[in-house]
């Protein structure tokens, strides 16, 4: 082989590498897309059934549980609501829903936690973990809390079946509206605490005046009662006119000598 011919032929790697890279990208993209399409089938009716069994097994009580959840009054969009609610459901199942080990309810909770971990790849993230926009504190019974969780899984299943990519929607603007509403409330809020302060400053002097008036009235009545008692004690010491003793003395004077 001449030097010219050797120089004219390209090494096999120079044209093979781009093709291999393209094939790898296509394969990885198809795998990712196929995995994403599985989101529409992750939540089955069996999961909703065991959630309903978990609800039915709870004791009906008025005891309430304090937890953080999405305020649906602020966040009307169903997709953005579920995107915000999903990580909160994960936290509740991990920290709040605690049952005795190796019981039916404990095993159900573990299955739901595993499902939520698989579903995590179906949600894009539009906010930071510490972001509390659209979230408020609830005080509800265990039944009400579990109903909220079931509704989240139920609605998520419904939306994913219609569109497996629906939770890639960017909800930053929706969350920003909640944040702006929160700032407005904070701006208006300081005027409200002034009202209790004003009422406090108004009521305290009034209460003091009333107490002083009542105390003075009681003191006056007690002093008057004591004065009457003293008069009653001194009354028998005096001899009024027309007493029997006086009449006897008068009779003795009138006797003839």
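Which of the following residues is surrounded by fewer than 13 Cβ atoms within 10 Å (Cβ to Cβ), modelled with pLDDT of 95 or more and either assigned to a strand (DSSP E or B) or touching a helix residue (DSSP H, G or I) at 6+ places or on another chain (Cβ under 9 Å) (or both): 66, 61? Sole residue among the options that is surrounded by fewer than 13 Cβ atoms within 10 Å (Cβ to Cβ), modelled with pLDDT of 95 or more and either assigned to a strand (DSSP E or B) or touching a helix residue (DSSP H, G or I) at 6+ places or on another chain (Cβ under 9 Å) (or both): 66.
Would it be correct to say that residue 139 is within 16 Å of residue 88 (Cβ to Cβ), assigned by TED's automatic domain parsing to the domain that holds residue 92 and part of a helix (DSSP H, G or I)? Considered against the rule, which asks whether it is within 16 Å of residue 88 (Cβ to Cβ), assigned by TED's automatic domain parsing to the domain that holds residue 92 and part of a helix (DSSP H, G or I), residue 139 comes out as no.
Contact map, the range 164-185: residues that are surrounded by fewer than 18 Cβ atoms within 10 Å (Cβ to Cβ) paired with residues that are in a helix (DSSP H, G or I) and modelled with pLDDT of 90 or more, Cβ distance under 7 Å, separation 6+ or inter-chain. Pairs shown: 169/79.
If you go through the range 114-127 one residue at a time, do you hit one that is within 21 Å of residue 59 (Cβ to Cβ) and either buried (at least 18 other Cβ atoms within 10 Å of the Cβ) or without any contact (Cβ under 8 Å) to a residue 40 or more places away in the chain (or both)? Within the range 114-127 (the criterion being within 21 Å of residue 59 (Cβ to Cβ) and either buried (at least 18 other Cβ atoms within 10 Å of the Cβ) or without any contact (Cβ under 8 Å) to a residue 40 or more places away in the chain (or both)), the answer is no, since none of the residues qualifies. Exactly one residue among 76, 125 is under 17 Å from residue 39 (Cβ atoms) and assigned to a loop (DSSP other than H, G, I, E, B), and that residue is 125. Answer yes if at least one residue in the range 160-171 is in the same structural domain as residue 51 (by TED's automatic domain parsing), in a helix (DSSP H, G or I) and within 14 Å of residue 91 (Cα to Cα), and no otherwise. Checking the range 160-171: not a single residue is in the same structural domain as residue 51 (by TED's automatic domain parsing), in a helix (DSSP H, G or I) and within 14 Å of residue 91 (Cα to Cα). Residues in the range 102-116: is at least one assigned by TED's automatic domain parsing to the domain that holds residue 45 and in contact with a strand residue (DSSP E or B) (Cβ under 9 Å, 6 or more places away or on another chain)? Looking for residues that are assigned by TED's automatic domain parsing to the domain that holds residue 45 and in contact with a strand residue (DSSP E or B) (Cβ under 9 Å, 6 or more places away or on another chain), one finds none in the range 102-116, hence no.
The values are calculated or read from the model by the stated rules, or taken from the named source; none is laboratory data. All values derive from a computational prediction rather than experimental measurement. Reconstructed Cβ throughout: ideal geometry from the backbone, glycine too, with neighbour counts over all protein chains shown.
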